[in-house]
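For reference, the structure is listed below as structure tokens.
Where a number appears in this text, it was derived from the coordinates with a stated rule and is not lab data. In this text the structure is predicted, and so the values were computed from the model without any measurement. Every residue, glycine as well, gets a Cβ built from its backbone with ideal geometry; the counts of neighbours run over all protein chains shown.
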Amino acid sequence: MTHLNRYKTLIISIWIGNWPQYFTLFVRSISYNVDFNWLVVSDQQKCPYMADNMLFKSITSEDLSKLITEKLGFTVNISNPLKLCDLKPAFGHIFSDHLENYDYWGYCDLDLVTGNLKKYVHPLYEAGVDVISFYKSFLSGPLCLFKKSTHTLELYKKVQGYRAILMDPAYMAMDENNKSEEAEIARFSNLKARVQYLKYIFSNRNLRRSGFQEIRYRYQWFIKRKSADLHPPYDMTDVVFQEKTKDGLSTYFNDLMYSDRAYQRINHKYWTIKWENGKLYELRDNREIPVFHFVELKSKLNMTRIVDIDLKAGFSLDKEGLHFGDKYHQDHSDI
């Protein structure tokens, strides 16, 4: 499975329950990223689709809870699959036995289509970046990469009350943005940052044109970044911001991950994502992109048809769903 390259990366995904219908899109797209390997962990006995750069580990939910408990040193019970999102920053620690021959590690969701990741990520590896976020304003939960070190493997331990958070069966958004009452009060008490954002709105015409949802969305992240050093770290975004300031952690935050939810938020009704031969294109802006997160689109009815098709010829995604075969070629023959 191992592909010879200067930097070896293992990206970890955990899935509990029946495989999603869109899983074949994920596997098909990662199969072209031969400079990256994936470890997919699930309570299912078999994996319906495999790629040469993918390892599959079958484990029951009970045994997974035992493994996590053993690795972390306190009791964790995975009764709620969403709780796995809180545990993402600890995946490297939990599955450290699989990281021996790797330089970087990370985690990702399955509702992703990847393009040429090497094109965007390897220059950051060359620069010695420790943490790579595919979001500009906060640590990206759907896909995030870390340089392997004791420091990054145990960063999650710097979240205030991380044990209580991980032992709680409810999802607390520790991987991105903890919205507990204590955390929200601490952030939004920063009056200086709130005034700065108002000035930013009035000075940015494009932001004003994007609509209220986008203005409100950016507001929470603006305040979060400006307030990160003023309170204890309530989540991994806070930790990374603070570690960059205090301990010189090298970080990279940028909007490398497109998503249908972002299009919905800014009211972009007409957009198309095209995947072909390992490359991913955003056709609205006519650019190549590294990854697309179809968080809303996966509920579309015609996504269920992809189980029985061959995607070798390529496919496209838009607000209506998935297109392939004759319709794909008809819609994109001029691209």
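Tell me, what does the Kirkwood hydrodynamic radius of the chain come to in angstroms if you use every pair of distinct C-alpha atoms?
After inverting the pairwise mean of 1/r, the radius is 21.0 Å.
Compactness ratio of the range 181-230: Cα Rg over 2.2 N^0.38 Å, N = residue count?
That ratio works out to 1.16.
Using 32 Å as the Cα-Cα cut-off, could you pick out the over-long pairs in 71/300; 57/157; 71/246; 83/118; 192/269?
Pairs exceeding the cut-off: 71/300; 192/269.
Put +1 on the Cβ of every Lys and Arg and -1 on every Asp and Glu Cβ in the chain; which of 23, 230, 294 then has its Cα farthest towards the positive end of the dipole?
Most positive-ward Cα: 230.
Given R₀ = 25 Å, what would the calculated FRET efficiency be for residue 46 paired with residue 21, taking r from the Cβ atoms and rounding to 0.05?
0.95
Beta carbons within 10 angstrom, averaged per residue: use that to sort the peptides 193-200, 167-174, highest first.
Going from most to least packed, we get 167-174, 193-200.
Taking each pair of different alpha-carbon atoms in the range 1-156 once, compute 1/r for the pair, average those values, and report the inverse of that mean as the Kirkwood hydrodynamic radius in Å to one decimal. The partial results should precede the final answer.
On the way: mean 1/r = 0.0627 Å⁻¹.
With all distinct Cα pairs of the range 1-156 included, I get 16.0 Å.
Which one of 186, 110, 166 is farthest out on the positive end of the charge dipole of the range 92-209, using unit charges on Cβ (Lys, Arg +1; Asp, Glu -1) and the Cα centre as origin?
Toward the positive end, the furthest listed residue is 186.
Over 10 Å intervals from 0, what percent of Cα-Cα pairs in the range 38-109 sits in each interval?
17, 53, 29, 1
Among the aspartates and glutamates, select those whose C-alpha is under 17 Å from the C-alpha of residue 66, and discard any that sit fewer than 8 residues away in the same chain.
43, 86, 97, 168
Rounded to the nearest 0.05, what FRET efficiency do residue 285 and residue 82 have when you use their Cβ-Cβ distance and R0 = 30 Å?
Step by step, r from the Cβ atoms, then E = 0.40.
Please identify the longest segment of the chain free of exposed GluC sites (Glu not before Pro), where exposed means a DSSP state other than H, G, I, E or B and no more than 15 other Cβ atoms within 10 Å.
155-295
Using the alpha-carbon centroid of each, what span in Å lies between the range 49-67 and the range 254-269?
Centre-to-centre (Cα) distance: 31 Å.
Looking at the chain, send over the antiparallel percent of its DSSP beta bridges, to the nearest 5. Spell out each step's value before the answer.
Details: 25 of 47 bridges.
Given both bridge residues lie in the chain, the antiparallel proportion sits at roughly 55 percent.
Kirkwood hydrodynamic radius, computed over distinct alpha-carbon pairs, for the range 110-158: how many Å, to one decimal?
Across the range 110-158, the inverse of the average 1/r is 12.1 Å.
Taking 0.36 nm per residue of sequence separation and subtracting the Cα-Cα distance, how much length would be gained by fully extending the chain between residue 255 and residue 203, in nm to one decimal?
Working it through step by step, the gained length comes to 16.6 nm.
Full extension from residue 188 to residue 266: what is 0.36 nm times the residue separation minus their Cα-Cα distance, to one decimal in nm?
25.7 nm
Between residue 213 and residue 181, what length comes free when the chain is fully extended (0.36 nm per residue of separation minus the Cα-Cα distance, one decimal in nm)?
9.3 nm
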